[in-house]
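Undergrad: First, the structure itself, so that you have it in front of you.
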Amino acid sequence: MTRGRTGLIIGGAFGLAFIAVNAGAAAPLTVPMRLLAIAAFVGLFFASRPPAAGAGADATARTEPAAPAARTAFGRRYWLVVAAEAVAALAGLFLTARVFHAPHLAVACIALVVGVHFFALAAVWRQTSLHVLGAAMTACGAAGLLLGVAGAGAAAVSAVAGIAPGVLLLASAWWSALAARPRAAL
């Protein structure tokens, strides 16, 4: 599996997780939402595959775009970002549950942290397009926190800070997978 595909699968898996965990808040749509998320992830797995061996050298070159090693590698700087994200997420979970006694805000805290981590990844990988995903996910997390503080219920927070970020992650992974495919494969 190429590094680019690994990144798409990781992003898609987290998108699936965001939706699967939070779809319960949308009671009548829980099962359809989870099934759609699973279908989107399975489809992403196949859509992100490199073209068949007979597709030609040009097609293979397009599936793994030329870029500096820092952009696609899961090296030390990547793991520092992930470690900082984990620390921030744990701190946020502690604050929402133990200090503010608002465990329903945990998903908003996670979405906020994950969104901010995309800004760091954009710098590490020199991939400015991640700023768009980072801004959208950060906005979802912040909106979820604001809704919770304003007294909105867990369902509203889950929809804005859980389901929406899941859709964003899956859509972003799909966008990248399709952009990497050779035109003949589309």
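Undergrad: Leaving out ligands, DNA and RNA but keeping every protein chain, what accessible area does Ile110 have, in Å² rounded to the nearest 10, with a 1.4 Å probe?
TA: Ile110 has an accessible surface of roughly 50 Å² with all protein chains in place.
Undergrad: If you don't mind, another one. Rank Thr2, Leu168, Trp79 by how far each Cα sits towards the positive end of the charge dipole of the chain (+1 on Lys, Arg Cβ; -1 on Asp, Glu Cβ) and give me just the farthest.
TA: Of Thr2, Leu168, Trp79, it is Thr2.
Undergrad: Continuing with the same structure: What percentages make up the Cα-Cα pair-distance distribution of the range 84-186 when the bins are 5 Å wide from 0?
TA: 2, 14, 20, 21, 16, 11, 7, 4, 2, 1, 0, 0
Undergrad: Alpha carbon centre of the range 140-155 versus the range 4-34: separation in Å?
TA: 20
Undergrad: Another question about this same structure. Among Val124, Ala155, Gly43, flag the residue with its Cα farthest along the positive direction of the charge dipole of the chain, charges on Cβ as +1 for Lys/Arg and -1 for Asp/Glu.
TA: Of the listed residues, the answer is Val124.
Undergrad: Which order, highest average first, do 166-174, 90-98, 33-41 follow once you tally other Cβ atoms within 10 Å for each residue and take the mean per peptide?
TA: 166-174, 33-41, 90-98
Undergrad: Quote the FRET efficiency, to the nearest 0.05, computed for Leu178 versus Ala27 with a Förster distance R0 of 30 Å and r equal to the Cβ-Cβ distance.
TA: The computed FRET efficiency comes out at 0.40.
Undergrad: Quick one: dipole size for the chain, taken about the Cα centre, charges +1 on Lys/Arg Cβ and -1 on Asp/Glu Cβ, in debye to the nearest 20.
TA: Here the chain has a charge dipole of around 380 debye.
Undergrad: So what are the ³J(HN,Hα) numbers for the range 86-96, from phi and the Karplus equation (6.51, -1.76, 1.60; θ = phi - 60°), rounded to whole Hz, Gly and Pro as x?
TA: 4, 4, 5, 5, 5, 4, x, 5, 4, 4, 5
Undergrad: What distance in nm lies between label points placed 7 Å from Cα along the C-beta direction at Arg77 and Leu95?
TA: According to this spin-label approximation, the distance is 2.7 nm.
Undergrad: Kindly provide the helix-only [θ] at 222 nm of the chain, computed as the sum of -39,500 (n - 2.57) over DSSP H runs of four or more divided by all residues, to the nearest 500 deg cm²/dmol?
TA: -22500 deg cm²/dmol
The values are calculated or read from the model by the stated rules, or taken from the named source; none is laboratory data. Remember, it's a predicted structure, so these values are computed and weren't measured experimentally. All Cβ positions, glycine included, derive from the backbone under ideal geometry; neighbour counts span all protein chains shown. In case anyone asks, the SASA skips ligands and DNA or RNA and just uses the protein heavy atoms, side chains included. Shrake-Rupley method; radii C 1.70, N 1.55, O 1.52, S 1.80 Å.
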